[in-house]
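Novice: Starting off with a structure, shown below.
Computed from the coordinates by the stated procedures, all read-outs in this text should not be read as laboratory data. What you see is a predicted model; the values in this text were computed from it and never measured. Neighbour counts are summed over all protein chains in view; Cβ atoms, including those assigned to glycine, are modelled from backbone coordinates with ideal geometry.
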């Protein structure tokens, strides 16, 4: 494996962690959005707030990580993506501001009206932000970003596949979030919330699965490079994802809880790596390969070393944060 | 001076202006929160340490409250910082495409610090209830290190833009080799990085102190307010003289590495010895008008002798001179002026404390502290105007012009307007939330003193 390939693996690792943990935070916002009126939605919203508060900012850093690795290790791809997909990217950036601020401010105020307004800001932007991020990813996968950049600002992403991918991002975030919230409710002994989110997890799993299958049909209709590879070199990962997703469905229907989270996470991880495997060796299919856009070898080495240091320092810290949070040792008063 | 009317501007020129204004505005907004993020750990851990060590409930209460305020400012800083990461690519795609492989290295390291800070800040600010005493205190220490490390990474990336090195270019100008250590430690880092970290400590220290100074001016002179003033003020006042020293180093560093920037902010028209140091005034092609001039001082400050030859703008090619020299000159003077003003405040505080072990009794001292936080922020803004506008027309000094870097995307002015609105709402909401918190605490304090049978807190 070349240094450039290794950096691509690092990039994909960041993307995977963001898709799972960042995605779950956005998904929780989706459930917050449709939780109903203040009274009806109070308890699910309370659980969402308790689950997200200590971890969302750390999870958000994966996005920074992705951007930084992309612009340092693959500057040409970064420039091309940014100068083509600036419309959905700008909208996603606005969404990030509104989501973070809405959520952080909501927990600090008492007035019901202000809480409602901030909550709506948080929840609505939690849906729009992953949608635009998905559109960016879909546009890349669709081969709409030219290697030199400056692709069309609108027709590059206002296409079936990018829009489907956007919807898939929202649905898969909602799915992971519901699964995580089932476990959180179970831990705090709130049986009604547990079944509340189990029902929603089931619905989200079906919707996300439907989007994924529909996406495959869109890909097939486009007769795209990605489709050929998904049914070829990436096929095992597609199968793993489908199996995991199916397993989650069966478990939810039977009321089983043990191993639900790993299985649900597995379904998302397999999709992310399936996409990567299908794109390989392209970063921007089919105009720019990983090696063509790679930075000089010394820079790639620096990125790899920094990642190794991060793996030693950051991953255990992150594990500590999750552990403390799961043990209910972190709370705001 | 750039042309004032926008209509005749070519598309790129218009985009360049819009992109620069947008970058400047979002950076100015973020830098305040970044300063708090860098220095907050030192402030809160000092209060926490005093609280634990001396069993001081007031210090503990301050630490807890600052934690809650930090939850608000850190979240705001996290999202405005993300916007800046997007802007690197969205506004300057050609810069990132050409130099991301060098410029990015420092940011890769910043990722580690940002993670560490986000993780341990969360553990610290949400761990008050369940993590006991010293374990909780130590959980905050990594964020102190991460704050300083993060500031190093980001500012050293900017230092590299001012004194780029550590890369080789092929004939087409593409980076084909890098030396990551040379990129990370370009000459300007030695003065830019400490200058900014000290600035962060001054901003956060004076800002926190100013909140309690206002409270004391309104008659709330309890121990909590005194301590809330003393801890951050002491930290800021220790940073101030060091900052003046480092600022002096920085100015000499700029004179050496970026003579065009130095000539622009000092308004030196002709190269030569015996340069006059001008305070204030308007910079014109015939020199400074309406300023106080101290003959020879500028040369002396650059080389400790009035014979020191200082480069003037006449030796800089016309198309490489920074724009808006009056803005640069006045920004520099503002920064230095505020710096000395804060030094005077620090001296006053230190003198009275040394003689009487007390805060100066006159309300004028509290008034001065009350404005010191905003003053420190203005000084930081002025300093960044000098750094960034003074580097123009370059984005990477000597290698890439800002106009080559800017995006060709349409609608930057529109995005700028939208960002202004968004950030106005964001800033207003953040301040309102902080005020709500402060009002709630005040009510708690008043309730506690009004209730005759409330359990007494042990006095130290």
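Novice: Defining a contact as two alpha carbons under 8 Å apart and six or more residues distant in sequence, what relative contact order in percent does chain B show? Don't skip to the end; give the middle numbers.
Specialist: Details: 659 pairs, mean separation 87.0, N = 460.
Contact order relative to length: 19 percent.
Novice: Also, quick follow-up: Which whole-number percentage describes the relative contact order of the range A:3-326, with Cα contacts under 8 Å and a sequence gap of 6 or more? Working shown, then result.
Specialist: Working: 465 pairs, mean separation 81.2, N = 324.
Here the relative contact order equals 25 percent.
Novice: Taking a temperature of 20 °C and a viscosity of 1.002 mPa s, what whole-number D in µm²/s does Stokes-Einstein yield for the range A:28-157 with Rh from Kirkwood over alpha carbon pairs?
Specialist: Details: Rh = 16.1 Å.
Stokes-Einstein gives a translational diffusion coefficient of 133 µm²/s.
Novice: Measure nothing fancy, just the Cα-based angle from helix B:189-217's long axis to the longest principal axis of chain B, in degrees from 0 to 90, nearest 10.
Specialist: 40
Novice: Going by how many other beta carbons lie within 10 Å of each one, how would you line up A:1, B:161, fewest first?
Specialist: Working: A:1 7, B:161 21.
By the 10 Å Cβ count, ascending, the order reads A:1, B:161.
Novice: Now for a different question. Which angle from 0 to 90°, rounded to the nearest 10, does the C-alpha axis of helix A:235-254 make with the longest principal axis of chain A?
Specialist: With both axes taken from Cα atoms, the answer is about 10 degrees.
Novice: Follow-up. What distance in nm lies between label points placed 7 Å from Cα along the C-beta direction at residue B:284 and residue B:374?
Specialist: In this crude spin-label approximation the distance works out to 3.3 nm.
Novice: Consider a paramagnetic label point 7 Å from the Cα of residue B:305 along Cα→Cβ; state which residues of the range B:271-289 have an amide N under 20 Å from it.
Specialist: Within reach of a label on residue B:305: B:271-277.
Novice: Restricting attention to the alpha-carbon atoms of the protein assembly as shown, what are Rg (one decimal) and Dmax (integer), both in Å?
Specialist: Looking at the protein assembly as shown, its Cα Rg and Dmax stand at 27.5, 88 Å.
Novice: Over the whole of B:126-136, what's the average partner chain Cβ count within 10 Å per residue? Rounded to a whole number, please.
Specialist: On the way: counts 11, 5, 4, 5, 6, 3, 0, 0, 0, 0, 0.
Mean partner shielding for this stretch: 3.
Novice: Further, regarding this structure: List the equivalent ellipsoid semi-axes of chain B in whole Å, largest first, each obtained as the square root of 5λ for an eigenvalue λ of the Cα gyration tensor.
Specialist: Working through the eigenvalues yields semi-axes of 41, 27, 20 Å.
Novice: Related question: What FRET efficiency comes out for the pair residue A:152/residue A:235, r = Cβ-Cβ distance, R0 = 35 Å, nearest 0.05?
Specialist: Taking R0 as 35 Å, the efficiency between residue A:152 and residue A:235 is 0.65.
Novice: Another one. For chain A, just run the numbers: alpha carbon Rg, then divide by 2.2 N^0.38 Å, N being how many residues it has. Display every interim value, and only then the final one.
Specialist: Values: Rg = 19.6 Å, N = 333, 2.2 N^0.38 = 20.0 Å.
With N residues counted in chain A, Rg over 2.2 N^0.38 Å equals 0.98.
Novice: Can you tell me the FRET efficiency between residue B:55 and residue B:223 if r is taken as the Cβ-Cβ distance and R0 is 22 Å, rounded to the nearest 0.05?
Specialist: Details: r = 14 Å, r/R0 = 0.64.
E(calc), rounded to 0.05, equals 0.95.
Novice: Same structure, new question: Can you pull the one-decimal nm distance between simple spin-label points at residue B:12 and residue B:238, each 7 Å off the Cα toward Cβ?
Specialist: Between residue B:12 and residue B:238, the simple spin-label model gives 5.1 nm.
Novice: Between residue B:24 and residue B:447, take the C-beta separation as r, use R0 = 45 Å, and let me know the FRET efficiency to the nearest 0.05.
Specialist: Working: r = 45 Å, r/R0 = 1.00.
Rounded to the nearest 0.05, the efficiency is 0.50.
Novice: Going from the alpha-carbon gyration tensor of the range B:332-383, what semi-axes, largest first and in whole Å, does one get by taking the root of 5 times each eigenvalue? Mind dumping the intermediate values first?
Specialist: Numbers: eigenvalues 113, 25, 9 Å².
Semi-axes (√(5λ), whole Å): 24, 11, 7.
Novice: Just rank A:116, B:355, B:401, fewest to most, by other beta-carbon atoms within 10 angstrom.
Specialist: Values: A:116 13, B:355 8, B:401 17.
In order of increasing Cβ crowding within 10 Å: B:355, A:116, B:401.
Novice: For a test of the definition: using alpha carbon positions, the gyration tensor, and the 1.5 limit on a/c, classify the range A:187-333 as rounded, prolate or oblate. Mind showing how you got there, number by number?
Specialist: Details: a/c = 3.05, a/b = 1.22, b/c = 2.50.
Taking the square roots of the gyration eigenvalues as a ≥ b ≥ c, the range A:187-333 is oblate.
Novice: Between residue B:172 and residue B:129, how many nm apart are label points set 7 Å from Cα along the C-beta direction?
Specialist: 6.0
Novice: Please arrange B:446, A:57 by counting, for each residue, the other beta carbons lying within 10 Å of its beta carbon, fewest first. Mind dumping the intermediate values first?
Specialist: Numbers: B:446 11, A:57 26.
With the sparsest Cβ surroundings first, the list reads B:446, A:57.
Novice: May I pose another question? Measuring from the lowest to the highest alpha carbon on each principal axis, how far does the range A:133-267 reach, largest first, in angstroms?
Specialist: In descending order, the Cα extents are 54, 30, 20 Å.
Novice: Where does helix A:191-222 land angle-wise versus the long Cα axis of chain A, in degrees 0 to 90, nearest 10?
Specialist: The angle comes out near 20 degrees.
Novice: I need the Debye-formula profile for the range B:157-270: one equal scatterer per C-alpha, no solvent, reported as log10 I(q)/I(0) at q = 0.22 1/Å, two decimals.
Specialist: Relative scattering, expressed as log10 I(q)/I(0), comes to -1.10.
Novice: Please give the length that would be gained between residue A:257 and residue A:327 if that part of the chain were fully extended, namely 0.36 nm times their separation in residues minus their C-alpha to C-alpha distance (nm, one decimal).
Specialist: Details: separation 70, 0.36 × 70 = 25.20 nm, distance 1.81 nm.
Computed gain between residue A:257 and residue A:327 is 23.4 nm.
Novice: Could you let me know the centre-to-centre spacing of the range B:261-298 and the range A:54-130, using Cα atoms, in angstrom?
Specialist: Their Cα centres are 46 Å away from one another.
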